[in-house]
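The values are calculated or read from the model by the stated rules, or taken from the named source; none is laboratory data. Everything numeric in this text was worked out from a predicted model, so none of it was measured. So basically every Cβ, Gly included, is an ideal-geometry build from the backbone, and we count neighbours across all protein chains shown. SASA here: full protein model, heavy atoms, side chains in, ligands and nucleic acids out. Shrake-Rupley method; radii C 1.70, N 1.55, O 1.52, S 1.80 Å.
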There are 2 protein chains.
Amino acid sequence: MTTTGERAAALDREDPLMPFRSRFLAVPEVLAYLDGNSLGRPLDRTPDRMAGFVRDQWGARLIRGWDEGWMEAPVRVGDELGRIALGAAPGQVVVGDSTSVLLYKAVRAALALDRGRTEIVFAAADFPTDRFVLQGIAAETGAVLVPLPAPHDGGVTSEQVAAAAGPRTAVVVLSHIAYRSAAITDVRAVTAAAHEAGAMVVWDLSHSVGALPLALDAWRVDLAVGCTYKYLNGGPGSPAFLYARADLLPRLEQPIQGWMGADRPFEMGERYAPDAGVRRFLSGTPSIVAMQPVLDMLGLLDEVGLTAVRAKSEQLTRFVIERFDAELAALGVRLASPRDDRLRGSHVTLDHPAFESMLPALHRRGVIPDFRRPDGLRIGLSPLSTSFAEVDAGLDAVVEELRFRV
Amino acid sequence: MTTTGERAAALDREDPLMPFRSRFLAVPEVLAYLDGNSLGRPLDRTPDRMAGFVRDQWGARLIRGWDEGWMEAPVRVGDELGRIALGAAPGQVVVGDSTSVLLYKAVRAALALDRGRTEIVFAAADFPTDRFVLQGIAAETGAVLVPLPAPHDGGVTSEQVAAAAGPRTAVVVLSHIAYRSAAITDVRAVTAAAHEAGAMVVWDLSHSVGALPLALDAWRVDLAVGCTYKYLNGGPGSPAFLYARADLLPRLEQPIQGWMGADRPFEMGERYAPDAGVRRFLSGTPSIVAMQPVLDMLGLLDEVGLTAVRAKSEQLTRFVIERFDAELAALGVRLASPRDDRLRGSHVTLDHPAFESMLPALHRRGVIPDFRRPDGLRIGLSPLSTSFAEVDAGLDAVVEELRFRV
């Protein structure tokens, strides 16, 4: 066993969360799954949950299911998500649609609050879909996009936001954790800076929810969206979520008015009136089937607690950086993620021009990292399903394949 | 056995589709499921498909699944749906979002084609979510809503549309089959009348898809949307679909610009450019898990063919009308659906003020119809999963409960 292998084995032995790894479906031929930040693994109980839902809920209760819990599911699952992962009191989180659609609704709602404010501040380096959604909103509403330059390392700072936001700023739209670098932005400080300028904030939590504790209520966040298929293990394309602060909710109006967001869905009234609560962000019928897998992961996160999850996440990413320092840097790899544990999310991005050509070989070896063009290998470390030995084996493969090529 | 019971048994014996009924999950305690028009039953193979998808696809292929078929799933499933149920050549149908969200996108895209046309013609009696969506679009775009009065019986006519549509009409938005009365509108004639006025059409096919053959290409339909949880048995809240005519597609732009609708999703470019095809109507990541159940029903519909499905549907609804004439009319019940088979979809609505109070008793007897306020009992007859004996038993219960009350 290599030195790093011994160290990984020791870390696994000392890891209090190691027993929980067996709660996930085992895949013998996958040596190292290093892409839980793109798609989390299913829990081992999830196949039975899905079959059971079809048989015992949909199949047996049929249309009665809507009166027996499905109707409330978007807010009930939202409340659970809020309590376990978001730091949100009940009644502020709804599950449904996709992150893009909910981001659209959130930003449109924020823009509609004050027609005198027409600027949207955002980060130029953010995930493209976020930029695309904002470009579309700018085109249709006449809002003006104000890009923040990408900071060299680290996330967007409150100083940047304070400098960019002013009396014309309607909303600041940012990611909590940058999808490429994993740099963490200080949600509390940036939100305060936006509020100082009289602007709203909309946070994209896709790369942070489930990987570290959030405190949306305490941070005075206005609106937030995020996906459930990364660190919440909801499955490919599982429904997204939206958070809206309770005291703001009565004033928030989104443009896609459907019956599921209406005040009395079964009244089928003449005119649309939005639900008093966070349901108003729904439009059509959300998939109840697709909401099931995330319940398994929420249960596990509730059992373990996000403080412990975050502690392991820091250890895992630090382990990658240790191997970067010891071996990868000498092979010409660059570290594209922050070194400071406190400023780094649950993935580490390593850049090298040879990485793209290595991907088939890594896959053949059972090593599955993420890749972002042009040359970023994203090592995604979903804390509960990833062992140190797995990371070590994956990095062994990266080092070996890279040595062939440099 | 009653006379009607004997007749139902004979119809079941003669029914060439009866053998297919065993393909659906059996629920012993449900005597008569008469709400397949709200939520179709799962097929008996669907629980295994769901468990297998989680274990063998999501669980085993993990992120690789996106390269191995999930990325194309929204259009691949759309093509299958187009071929089997819509009369649509490939490349014009996409699956994702909810019907409300896709209706929003379709109408916004139609409105954007010609800024000089600002009127939306719609049917005042249509499903509320359709009206709500249109009200929201009118409020944000300044479009003017032009309601067509509800015809006494039957669907909206091409004469009505010809009279209402003019040089200011941008789009005519109608349901193929009315959600309450089941009245069928002549899609081909109404589409032609709209085109005569230079307007686009957007059809809501929620109550027709899977219950009768459609020919969207032949009918020269511009845009259409619909849900997959009624006669396509996709499960509660399963993803919706959108059809856009191929020659129109390059000019159609919808406002929710997300990465899944972009030209090169993995390029992560600076500016959004829509996909050349029907993918442009996607925004965020659609649920691949939630798309699975509908594959089972599409396979079955492909095996049986929609012409045979429609033939049984007409027989089933006619059987309800026969019992209405023989017994229910004398008890004060009114028929709210067309008598002419050709003008009636796959449900029959019966009106009586006592129906609402009867629902708990019907449920206790294992009879599950649909109900629409104030007094409409919708007898939904999903052709492949419903037997004549089942309908007969359900109507027996309705007659008996009604006799207690009148």
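Might you work out the accessible area of B:Lys230 for me, using a 1.4 Å probe with all protein chains in place, and round it to the nearest 10 Å²? Near enough 20 Å² of accessible area. For A:Leu113, the point set 7 Å out from Cα toward Cβ sits 3.8 nm from its twins in the other copies, listed from shortest up. If you look at the Cα atoms of region B:168-208, you get an Rg and a Dmax of 10.5, 30 Å. Divided by 2.2 N^0.38 Å, where N counts the residues, the Cα radius of gyration of region A:69-301 comes to 0.95. Magnitude of the charge dipole for region B:317-404, about its Cα centre and with charges confined to Cβ atoms of Lys, Arg (+1) and Asp, Glu (-1), is about 240 debye. Near B:Leu34, the amide H atoms lying under 5 Å from its own belong to B:Ile368; only residues 5 or more places off or on other chains count, and H is placed 1.01 Å from N.
With the cut-off at under 13 Å, measuring from each backbone N in region B:326-361 to a point 7 Å along the Cα-to-Cβ line of A:Arg264 picks out no residue. Charging the Cβ of each Asp and Glu at -1 and of each Lys and Arg at +1, and nothing else, the dipole of region A:63-131 about its Cα centre rounds to 220 debye.
Choose one of B:Ala165, B:Trp219, B:Ser206: the residue whose Cα lies farthest towards the positive end of the charge dipole of region B:69-301 (beta-carbon charges +1 Lys, Arg; -1 Asp, Glu; about the Cα centre). Positive-end residue among those listed: B:Ala165.
Find the Rg to Rh ratio for region B:182-236, where Rh is the Kirkwood radius over alpha-carbon pairs and Rg uses the same atoms. Reported Rg/Rh, Kirkwood definition of Rh: 1.01.
Could you work out the percent of alpha carbon pairs in region A:7-61 separated by over 18 Å, rounded to a whole number? Cα-Cα pairs of region A:7-61 separated by over 18 Å account for 53 percent. Peptide A:258-267 is shielded by partner chain Cβ atoms: per residue, an average of 4 of them sit within 10 Å of its Cβ. Have a look at A:Leu300, A:Phe388, A:Gly269 and report the one farthest towards the positive end of the charge dipole of chain A, computed about the Cα centre with Cβ charges (Lys/Arg +1, Asp/Glu -1). Looking along the dipole axis, the top candidate is A:Gly269.
Each 20 Å bin from zero holds the following percent of Cα-Cα pairs in the protein assembly as shown: 16, 47, 29, 7, 0. Using only side-chain charges placed at the Cβ, +1 for Lys and Arg and -1 for Asp and Glu, the dipole size of region A:69-301 relative to its Cα centre rounds to 140 debye. Here the Kirkwood formula, the inverse mean of 1/r across different C-alpha pairs, assigns region A:295-396 a hydrodynamic radius of 14.4 Å. How many percent of all Cα-Cα pairs in region A:100-174 sit more than 22 Å apart? So the pairs more than 22 Å apart make up 18 percent of the total in region A:100-174. Full extension of the chain between B:Leu359 and B:Ala330 gives 8.4 nm of extra length, using 0.36 nm per residue less the Cα-Cα distance. Provide the percentage of antiparallel DSSP beta bridges, counting only those with both residues in the protein assembly as shown; round to the nearest 5. Counting DSSP beta bridges with both partners in the protein assembly as shown, the antiparallel share is about 50 percent. One equal scatterer on each Cα of region A:1-144, no solvent, Debye formula: the resulting log10 I(q)/I(0) at q = 0.17, 0.19 Å⁻¹ is -1.16, -1.24. Using the Cα coordinates of region A:267-346, the gyration tensor eigenvalues translate into equivalent-ellipsoid semi-axes of 45, 17, 12 Å, sorted from longest to shortest. Averaging sequence separations of C-alpha pairs under 8 Å and six or more residues apart, then dividing by the length of region B:54-145, give the relative contact order as a whole percent. The normalised contact order for region B:54-145 reaches 18 percent.
In this assembly of identical copies, the label point of A:Glu267 (Cα plus 7 Å along Cα-to-Cβ) is separated from its counterparts by 4.9 nm, sorted shortest first. Computed over region B:121-210, the alpha-carbon pair-distance distribution with 5 angstrom bins reads 3, 15, 27, 26, 19, 8, 1, 0, each value a whole percent. Partner shielding of B:99-109 amounts to 4, given as the average count of beta-carbon atoms from other chains within 10 Å of each residue beta-carbon. Backbone phi angles across region A:120-134, fed through the Karplus curve with coefficients 6.51, -1.76 and 1.60 (θ = phi - 60°), yield HN-Hα couplings of 10, 8, 8, 9, 4, 8, 6, 3, x, 4, 5, 5, 4, 4, 5 Hz in residue order; Gly and Pro are listed as x.
Secondary-structure-derived ellipticity at 222 nm for chain B, considering helices only, amounts to -10000 deg cm²/dmol, per-run term -39500 (n - 2.57) for DSSP H runs with n ≥ 4. Translational diffusion of chain B, estimated by Stokes-Einstein from the Kirkwood radius over alpha carbon pairs at 10 °C in a medium of 1.306 mPa s, is 72 µm² per second. Taking only the C-alpha atoms of region B:157-267, the Rg (one decimal) and the largest Cα-Cα distance, Dmax (whole number), read 15.5, 49 Å. Listed here are the pairs A:Lys105/A:Lys230; A:Lys312/B:Lys105; B:Lys105/B:Lys230; A:Lys230/B:Lys105; which of them are more than 32 Å apart at the Cα? Distance filter (> 32 Å) returns A:Lys312/B:Lys105. Shown for B:Thr307: label points 7 Å from Cα along the beta-carbon vector, and their distances to the equivalent points in the other copies, 7.0 nm in ascending order. Using C-alpha pairs under 8 Å with a sequence gap of at least 6, the mean separation divided by the residue count of region B:69-301 gives a relative contact order of 24 percent.
Residue by residue, region B:82-90 carries 3J(HN,Hα) couplings of x, 5, 7, 10, 10, x, 10, 5, x Hz when phi is fed to the Karplus relation 6.51 cos²θ - 1.76 cosθ + 1.60 (θ = phi - 60°); x denotes Gly or Pro.
Counted over chain B, the DSSP beta bridges are approximately 50% antiparallel.
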